[in-house]
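The values are calculated or read from the model by the stated rules, or taken from the named source; none is laboratory data. Because the structure is predicted, anything quoted here is derived from the model rather than measured. Ideal geometry is used to build each Cβ from the backbone, glycine not excepted, and the neighbour counts take in all protein chains shown.
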């Protein structure tokens with residue numbers, strides 16, 4: 001993530017992107033909402049210096065872009081308008097993969113798919129995908145696309161790491177069922193598996209101010225994560241790996257995962273993650289990981305990435321007085 005939310009130095013961000021491309025990475029993912037459009041602008045500057053056709057460029061739409069209540073969500077009006085904005089910021093005339101960043105219960109999925117279909121047929125978008133959709137929404141989107149003659153989501157971008165495994169129970173099997181690629185985000189669990197957490201460490205993150213529930217050690221789920229990280233260090237050390245390599249290798253081992261998305265803020269971060277590209281974990285190591293964090297488990301329930309309205313809003317679970 002580049003810009004105010006990640007690496008504020010544009011030139012350094014561009015160097016990081018170019019180093020990743022030189023290392024063989026050919027997929028670049030961003031979103032309109034990252035640093036309020038600044039991240040897309042940085043990616044555009046970086047891609048302007050290389051052959052565009054060599055890169056699979058992905059971005060996302062949904063998040064609020066300012067105070068205008070209509071400048072957000074999954075409506076036709078906003079998707080069409082924001083695609084034009086993203087194209088301008090990215091400095092390109094087409095997006096390879098345009099993704100819906102989160103579900104929107106207030107918007108019929110047929111309206112969303114209809115707008116995306118028009119963008120594909122106009123040549124401004126090549127493919128479409130979803131991000132952080134629960135399994136039932138993934139299935140509904142596939143059914144609607146088939147029955148209404150719409151373009152279908154060909155990828156899903158869910159949170160997935162050793163510490164956040166709930167999608168193994170439903171999302172990943174559904175993606176396999178429908179032949180969807182999986183581009184998992186946060187394979188280092190928001191920094192928990194980066195080496196910054198563990199016994200004798202500060203156990204904090206630069207994201208703590210923005211996402212306190214994910215790092216507050218008084219939250220039981222976070223205390224469980226810290227215990228798990230301590231145990232995972234031992235597994236990594238015995239295998240001759242860094243914790244980062246263990247974390248990325250774990251995600252790469254799932255047959256449903258097409259590619260994990262890394263988010264280095266510095267060149268050092270990038271260089272520490274590149275060795276995992278050729279890594280394979282043994283069955284013994286994977287079994288030990290399963291013992292520490294059981295399959296299908298999220299140690300902190302709040303790490304899921306998106307909470308359905310029926311869970312987040314108590315009024316939807318209670319009859320009026």
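Observations on the model:
- Residue 53 vs. criteria surrounded by fewer than 16 Cβ atoms within 10 Å (Cβ to Cβ), in a helix (DSSP H, G or I) and modelled with pLDDT of 95 or more: no
- Residue in the range 135-148 that is assigned to a loop (DSSP other than H, G, I, E, B) and either at negative phi or free of Cβ contacts under 8 Å to residues at least 12 places away in the same chain (or both) present: no
- Any hit, the range 120-127, residues being exposed (fewer than 15 other Cβ atoms within 10 Å of the Cβ), out of contact with any helix residue (DSSP H, G or I) (no Cβ under 7 Å at 6 or more places or on another chain) and in a loop (DSSP other than H, G, I, E, B): yes
- Scanning the range 88-101 for residues that are surrounded by fewer than 19 Cβ atoms within 10 Å (Cβ to Cβ) and either assigned to a strand (DSSP E or B) or out of contact with any helix residue (DSSP H, G or I) (no Cβ under 8 Å at 6 or more places or on another chain) (or both) returns 88, 96.
- For residue 320, the requirement of being at pLDDT below 95 and out of contact with any strand residue (DSSP E or B) (no Cβ under 9 Å at 6 or more places or on another chain) is met.
- In the range 232-257, residue nearest to the chain's Cα centre (by Cα) [restricted to those that are surrounded by fewer than 16 Cβ atoms within 10 Å (Cβ to Cβ) and outside any helix (DSSP H, G or I)]: 255
- Of the listed requirements (1) without any contact (Cβ under 8 Å) to a residue 40 or more places away in the chain; (2) out of contact with any helix residue (DSSP H, G or I) (no Cβ under 6 Å at 6 or more places or on another chain); (3) in a loop (DSSP other than H, G, I, E, B), residue 74 misses just one: (2).
- Output for the range 179-213, where each listed residue is within 16 Å of the chain's Cα centre (by Cα), outside any loop (DSSP other than H, G, I, E, B) and in contact (Cβ under 8 Å) with a residue 40 or more places away in the chain: 181, 182, 183, 184, 185, 189, 190
- Some residue of the range 149-163 being more than 27 Å from residue 56 (Cβ to Cβ), modelled with pLDDT of 95 or more, out of contact with any strand residue (DSSP E or B) (no Cβ under 6 Å at 6 or more places or on another chain) and in a loop (DSSP other than H, G, I, E, B): yes
- Considering the range 267-291, and only residues there that are loosely packed, with under 14 Cβ neighbours inside 10 Å and assigned to a loop (DSSP other than H, G, I, E, B), the residue that is modelled with the highest pLDDT turns out to be 282.
Let's see how each residue does on (1) in contact with a strand residue (DSSP E or B) (Cβ under 6 Å, 6 or more places away or on another chain); (2) closer than 22 Å to residue 187 by Cβ; (3) surrounded by 15 or more Cβ atoms within 10 Å (Cβ to Cβ):
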| residue | (1), (2), (3) |
| --- | --- |
| 13 | yes, yes, yes |
| 22 | no, yes, no |
| 37 | no, no, yes |
| 48 | no, no, no |
| 57 | yes, yes, yes |
| 63 | no, yes, yes |
| 68 | no, no, no |
| 72 | no, no, yes |
